[in-house]
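Here's the structure, in structure tokens; my notes come after.
The values are calculated or read from the model by the stated rules, or taken from the named source; none is laboratory data. Nothing here was measured: the structure is a model prediction, and the numbers come from that model. So basically every Cβ, Gly included, is an ideal-geometry build from the backbone, and we count neighbours across all protein chains shown.
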Amino acid sequence: MDLSPIREALAAKSFDRIADLCDNLWLQVAAEGIPYHDEWPYLIHLLGHIYADDLNSARFLWKTIPTNIRESRPELTAAWNVGQKLWTHEYASVYEAIRGYDWSEEAKDIVAAFSDLYTKKMFQLLLSAYSTITIRDMALFLGMTEADAISYVMQQGWEVDSASQMVTVKKQTTKTEQKLDASKLQRLTEYVFHLEH
């Protein structure tokens, strides 16, 4: 079984490709009837689905892993713990599950990349869902200490009131440029001309 494409994607930090690479190789190996259970990189496969925010596939994969392998690989269980917290929307617990395990060299980079990605996703969630939030809750959502969370959001222009322990979310303004297509302008001109005459 040639796992080199998966190793290469890990080395290149192309974590968004891991789940698809593992899925395709798994199907190929299964179709060829090659016994793979003991050698299969279940941990990386599971983390690939978690990184890709494909929790249905992560859950399916977890259920197909033989019980003896699940029970004998604590790091695999730790990865599934992260997946469970995501599945049940326990936002702050996701960070606890990530920090609660001493990840191997093989998994460390993808877990760190997922953690950064998840923090950005939580920041966007706060941005869209709140106009004000307590410092404590904001820190829990971002998986940071209160001081780090304050520093992080202040860099984004949010206002922090230490007296009330509240943060005012500053919505980011987006510029939208409307480009005028020459053909649309021509059709509009013809339509207006037709209406006038």
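A compact table of results
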| quantity | calculated |
| --- | --- |
| From TYR91, TYR101, residue being of a type in the set (Phe, Trp, Tyr), at pLDDT 95 or above and under 19 Å from the mean Cα position of the chain (by Cα) | TYR101 |
| So LEU140, is it surrounded by 15 or more Cβ atoms within 10 Å (Cβ to Cβ), aliphatic (A, V, I, L, M), within 22 Å of the chain's Cα centre (by Cα) and in the same structural domain as ARG7 (by TED's automatic domain parsing) | no |
| Selection status of TRP87, of a type outside the set (Gly, Ala, Ser), free of Cβ contacts under 8 Å to residues at least 40 places away in the same chain and assigned by TED's automatic domain parsing to the domain that holds TYR36 | yes |
| Of the criteria (1) free of Cβ contacts under 8 Å to residues at least 24 places away in the same chain; (2) hydroxyl-bearing (Ser, Thr, Tyr); (3) within 20 Å of LEU76 (Cβ to Cβ), which one SER128 fails | (3) |
| Residue list for segment 25-47, filter: surrounded by 12 or more Cβ atoms within 10 Å (Cβ to Cβ) and in a helix (DSSP H, G or I) | LEU25, TRP26, GLN28, VAL29, TYR42, LEU43, ILE44, HIS45, LEU46, LEU47 |
| Residue check, GLN84 under 29 Å from ASP137 (Cβ atoms) and either exposed (fewer than 15 other Cβ atoms within 10 Å of the Cβ) or at pLDDT 95 or above (or both) | yes |
